[in-house]
Structures are given as C-alpha cells and as structure tokens.
Amino acid sequence: MRFLLDTEQRDFADALRRLLTAADTPAVVRDWSRGEHEGGRALWGRIGETGVFGLAVPEEYGGMGRRPVELAVAFTELGRYAVPGPLAETVAAAVLLDDGEGLAKRFLPGIASGETVATVAFEKHGYGFALDGDAADVRLAATPEGLRLSPGAGAVRRSLDPARRLTPLFPVGELISTEPPWAEALTWARLATAAQALGVGLALLDTTVAYVKQRTQFGVPVGSFQAVRHRLADVKIALEFARPLVFGAAVTMTPSDVAAAKLGACAAAYAGARAALQLHGAIGYTAEYDLSLWLTKARALRGAWGAPEECRRVVLERR
C-alpha cells in the first residue's frame with residue numbers, strides 16, 4: 001500500500017503554490033490585519049476558482065463533492081502561505097448548511113465558488129466570537145435554539161495573530177436549523193486547521209533553514225553549528241510525523257483521528273515557530289519582518305477549534 005499523494009493531488013498542490021507565490025500574500029495579510037479586505041477578497045476569489053472551497057460542498061450545489069484528502073492538500077498550501085480569512089470556518093459553515101434542501105441551495109453555491117465568505121461562532125469552541133465576522137458575507141451563530149443567521153457583528157477584537165480578527169456575533173437573527181450537524185462540522189474544521197498548521201510549520205522550517213545558511217558567525221554560516229542543525233532536525237522530524245497523521249485523518253475522518261492530527265500538526269508548527277524565533281535572533285521579534293506572520297499564526301492555530309487538552313481528551317476517550 002502506498003501512502004503517497006497521487007499525480008493529480010500533487011499537481012493541485014503545485015497549482016495552488018504558483019497562485020499563492022504570485023499573490024504576495026504577506027502584503028495581503030498585513031492589509032487584512034488593518035481591516036482592509038479588498039486584496040484578501042480578491043485572493044479568496046482566485047482560490048475559489050481552483051475549487052478549494054468546493055471540496056467541502058456536494059456536486060449538486062456547485063462543489064467538487066466531499067473530498068477531505070484534497071481539502072487537506074489545499075489547506076496545507078494555504079497555511080504555507082499564511083492566507084488570511086475564515087478558512088476553516090467557511091468549511092465548517094459548508095457542512096452546517098448542507099441540509100440537502102433550502103439551506104444548501106441558498107448558500108452552498110456561493111461558498112463553493114469563493115464568492116461567499118462564511119464564518120461561524122461555536123459557543124464551546126469560540127466563546128461566542130467568530131473569526132473575521134466583519135469581512136464575512138454569512139455569519140452563523142450557535143445558540144441554545146440551534147443555528148442562527150447573524151445579522152451583524154460587534155466591534156473587532158484583536159487576537160495574538162493580527163490577521164485573525166475576532167468579532168462577537170449577534171445571536172438574534174433568523175433561526176435556520178434546530179439540529180445542525182455540529183459534530184461533523186467540528187471534525188471538518190479541525191482537519192482544515194490541522195492542515196493549515198502543517199503548512200505553517202513547513203514554511204517556518206524552510207524559511208529558517210534558508211536564513212541560517214546565510215547568517216554567519218565566527219566567519220561561518222550558523223547553519224553549520226551542530227546545535228542549530230539538531231534543533232532544525234527535531235522540527236523536521238516533528239513535521240514528518242505530523243504529515244501522515246493529517247492525511248491519515250483525512251482518509252478516516254473519525255473525530256479521534258482528526259483530533260490527533262490537529263494535536264500533532266499544531267505541536268509541530270509551534271515547535272517550528274519557537275525554533276525559528278530563536279535561530280533568527282533579534283530580527284525574529286520584529287513585526288515588520290515577514291516571519292512574524294507565520295510565528296503568530298502557529299500559536300493561534302494551536303488553540304483554534306479545540307485546545308490541545310481538548311484534543312487529547314477526544315483521543316483518550318476513543319482509546
């Protein structure tokens with residue numbers, strides 16, 4: 001049995017990489033952090049044209065069908081380039097709105113095409129706050145009665161990652177579902193978050209390896225020092241162990257496997273962030289340096305859609 005991506009999946013990842021390389025995502029992220037969404041929405045539309053958001057939408061509503069492995073491939077690349085916006089939240093919304101009837105026809109075609117940006121606030125997993133509620137077209141709020149279509153969002157609150165803008169949603173809008181598939185949506189959102197974290201970690205490792213090859217001390221590159229090489233090797237091993245967890249979870253889509261994947265990928269990305277910060281020295285602390293865009297995202301994704309202790313509990317309960 002071969003646990004490798006096939007040619008079509010690799011080509012898909014390469015196409016996304018070319019698109020995102022040309023998009024100058026650091027500039028887009030900085031604009032998004034200031035509440036300037038024009039560039040981010042334009043990028044979102046181009047990503048939608050590749051079919052990324054349709055990977056969580058059935059074919060009858062303009063999607064590619066539910067394809068979690070391809071979704072993991074795509075979100076790894078989105079994390080590698082630190083693409084801003086409610087990415088995992090839009091995936092969760094697509095699952096919540098897939099009722100096979102009126103809601104699906106009303107919302108899913110726009111989500112699949114990339115024209116509609118959606119966000120969702122799970123009281124348990126977001127404490128009433130939604131990611132980028134000020135930029136979203138569809139805002140879903142979890143309430144005791146069920147799923148409501150929120151008419152608006154409150155004042156933006158900054159998070160550790162400036163590009164992750166948190167907004168409280170008004171839980172008073174149209175009640176659109178009394179029994180939405182909360183558990184299924186949570187599983188899909190965690191998979192998307194795990195894949196994003198894997199991509200963030202890979203980007204941090206690549207950036208740091210390139211930097212230590214250029215930075216010199218005592219007349220030689222610091223990357224030649226054994227302690228530096230061991231530190232980066234530890235990060236590489238953590239990411240290589242996380243990768244099969246993510247894609248294995250995408251195959252099974254069981255809550256425990258996905259929780260384990262999120263736990264492993266986020267831990268590896270966080271280890272990569274700590275190593276990158278230390279090995280870049282003082283420049284790593286500056287907000288003006290692009291490295292900070294990935295450092296803060298690695299930390300923020302660690303707690304998104306379930307903190308480490310919650311994911312551990314899901315895994316242990318399954319055992």
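Only the coordinates and a few stated rules stand behind these numbers; no lab work does. Everything numeric here is computed off the predicted structure, so don't read it as measured data. Using ideal geometry, Cβ is built from the backbone for each residue, glycine included, and neighbour counts are taken over all protein chains shown.
Entry note, segment 1-153: relative contact order of 19 percent, from Cα contacts under 8 Å with a spacing of 6+ residues. Averaged over residues, the count of other Cβ atoms within 10 Å places the peptides 92-100, 181-189, 23-31 in the sequence 92-100, 181-189, 23-31, highest first. Relative to the first principal axis of the alpha-carbon coordinates of the chain, what is the inclination of helix 226-252, with its axis defined by its Cα atoms, in degrees from 0 to 90 and to the nearest 10? Taking the Cα atoms of the chain, the angle to 226-252 is about 20 degrees. Under the combined filter of DSSP loop state and at most 12 neighbouring Cβ atoms within 10 Å, segment 1-70 retains these chymotrypsin sites (Phe, Trp or Tyr not before Pro): F3. If you line up the long axis of helix 7-22 against the longest principal axis of the chain, both from Cα atoms, how many degrees apart are they, to the nearest 10? Approximately 80 degrees, to the nearest ten.
Spatially, segment 209-245 and segment 78-101 are offset by 33 Å when compared through their Cα centroids.
For the chain, count all C-alpha to C-alpha pairs, find those more than 30 Å apart, and express that count as a whole percent of the total.
Here the tail beyond 30 Å accounts for 30 percent of pairs.
Using C-alpha pairs under 8 Å with a sequence gap of at least 6, the mean separation divided by the residue count of the chain gives a relative contact order of 16 percent. Between the helical axis of 102-113 and the longest alpha-carbon principal axis of the chain there is an angle of about 30 degrees. When Rg and Dmax are taken over the Cα atoms of segment 183-318, they come to 16.1, 56 Å.
Compactness check for segment 69-207: Cα Rg over 2.2 N^0.38 Å is 1.03. Dipole size of the chain about its Cα centre, with +1 on Lys/Arg Cβ and -1 on Asp/Glu Cβ: approximately 1360 debye, rounded to the nearest 20.
Only one residue of A23, F225, L175 has its Cα farthest out toward the positive end of the dipole of the chain, where Lys and Arg carry +1 and Asp and Glu -1 on Cβ, and that residue is F225.
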